[in-house]
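Nothing in this text is a laboratory measurement; each read-out follows from the coordinates by a stated rule. Nothing here was measured: the structure is a model prediction, and the numbers come from that model. Ideal geometry is used to build each Cβ from the backbone, glycine not excepted, and the neighbour counts take in all protein chains shown.
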Amino acid sequence: MRSKHKILILGPQGSGKGTQANILANKLGIPALSMGALLRDAAGKGGETGEEIARIQKIGALVPDEVAGEIFLARINERDAENGYIIDGYPRNEAQYKVYVSLDTPTAVIVITVPHDVSVQRLHDRAMKEGRVDDTVDVITRRLQIYHDETQPMISHFHEHGIVHEVDGVGTVEEVAERIGKIFL
Ligand code: AP5
C-alpha cells in the first residue's frame, strides 16, 4: 500500500504556501489545510478564544502554541484527512515542532523560498485586492521577522530527518507548481 502523504509547506509570507498547497492537494487527492485559515475561521466564531485569535492575527504575532496545536489536532482527525494531508504554516516555532512530532510524522517538508522584496510586493498587491487586515507594511514586517527568527531555525530539525525539499518560489504560480509537482512524480 502507498504510504500516506503528510506534507508540510513552509516559507516566508507571500512565498505562495497556501496557493501551492491547494494545487498540490488537487493533484494528490488529499485536503489542503491552512493553519492561518483555520485560525481565521476560529476567530470568526467569536467568544473569548476567537476574539483573542483575531487580535493576535491583526498584529501579526503567533497565536499561543497550545491553541494552534489543538486546532491542528482536531483538523487532522477529521475524516477527509484520513488518507493524508498537506498543511501550510504549521509548525512555525520550536514549541510547535515538538507538539507536531509528538502527534504525527511528516513524509515531506517543502520550503518555498523567495527574496524579501518579492514577499512584500505580493502581500502589498493582495492588500490592494483583498484588504486582509494583516497585510499592512508594519504587520508584514513583523510576520517576516517571526519567520526569520523562529520558523527558519525550526526547519533545521526537519533537515535532520532528510525530508526537506527547498523550492524556488520566484516565477509564475504554474512554474512554482511544476517544480513542486516534480518532487512527487
Ligand atoms: P497565514 O494566513 O498563514 O499567513 P502567512 O504565513 O503570513 O502567509 P501568507 O498567506 O501571507 O502567504 P503564503 O505564503 O501562504 O502565500 P499565498 O499563497 O497566500 O497566517 C496568518 C496569521 O495566522 C499569522 O500571522 C499568525 O497570526 C497566525 N498563524 C498562522 N499559523 C500559525 C501558527 N502555526 N502558529 C501561531 N499562529 C499562526 O500568496 C500570497 C499572495 O501572493 C496571494 O495574493 C497570491 O495570489 C500571490 N501569489 C502566490 N504565488 C504567486 C506567484 N508565484 N506569483 C505571483 N503572485 C503569487
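Taking helices (runs of 4 or more DSSP H) that do not extend beyond segment 1-111, which have at least 2 residues that are basic (Lys, Arg) and within 11 Å of the ligand (Cβ to nearest atom)?
Hits in segment 1-111: 47-59.
Look through Gly50, Gly46, Gly36 and report the one residue that is among the small types (Gly, Ala, Ser) and in contact with a strand residue (DSSP E or B) (Cβ under 9 Å, 6 or more places away or on another chain).
Numbers: Gly50 fails: in contact with a strand residue (DSSP E or B) (Cβ under 9 Å, 6 or more places away or on another chain); Gly46 fails: in contact with a strand residue (DSSP E or B) (Cβ under 9 Å, 6 or more places away or on another chain).
Within the list Gly50, Gly46, Gly36, the selection yields Gly36.
Do the conditions hold for Val118, that is, is it near the ligand (Cβ under 10 Å from one of its atoms), surrounded by 14 or more Cβ atoms within 10 Å (Cβ to Cβ) and more than 23 Å from Ile23 (Cα to Cα)? Break it down stepwise before answering.
Values: near the ligand (Cβ under 10 Å from one of its atoms): yes; surrounded by 14 or more Cβ atoms within 10 Å (Cβ to Cβ): yes; more than 23 Å from Ile23 (Cα to Cα): no.
So Val118 does not fit the description; no.
Are any of the residues in segment 24-47 acidic (Asp, Glu) and either surrounded by 17 or more Cβ atoms within 10 Å (Cβ to Cβ) or farther than 27 Å from Thr141 by Cβ (or both)?
No, that holds for no residue.
Write out, first by first residue and then by second, each pair whose Cβ atoms fall under 6 Å of each other, whose residues are 6+ apart or on separate chains, and whose first residue, in segment 143-168, is assigned to a helix (DSSP H, G or I) while the second is more than 13 Å from the ligand (Cβ to nearest atom).
Correct list of pairs: Phe158/Val109; Phe158/Val164.
Anything in segment 10-39 that is closer than 19 Å to Asn93 by Cα and touching a Ser or Thr at 6+ places or on another chain (Cβ under 9 Å)? List them, or say none.
If the condition is that a residue be closer than 19 Å to Asn93 by Cα and touching a Ser or Thr at 6+ places or on another chain (Cβ under 9 Å), then Leu10, Gly11, Pro12, Gln13, Gly14, Ser15, Lys17, Gly18 are the ones that fit.
Looking at Asn93 and the list (1) out of contact with any Ser or Thr (no Cβ under 9 Å at 6 or more places or on another chain); (2) surrounded by 13 or more Cβ atoms within 10 Å (Cβ to Cβ), which single condition is not satisfied?
The one condition Asn93 does not meet is (1).
Filter segment 112-137 down to the residues that are part of a strand (DSSP E or B) and of a type in the set (Ser, Thr, Tyr) and list them by number.
First pass over segment 112-137, keeping only residues part of a strand (DSSP E or B): 112-113.
The one that is part of a strand (DSSP E or B) and of a type in the set (Ser, Thr, Tyr): Thr113.
One residue is enough: does segment 124-135 have a residue meeting the conditions closer than 30 Å to Ala74 by Cβ, of a type in the set (Lys, Arg) and within 15 Å of the chain's Cα centre (by Cα)?
There is no residue in segment 124-135 that is closer than 30 Å to Ala74 by Cβ, of a type in the set (Lys, Arg) and within 15 Å of the chain's Cα centre (by Cα).
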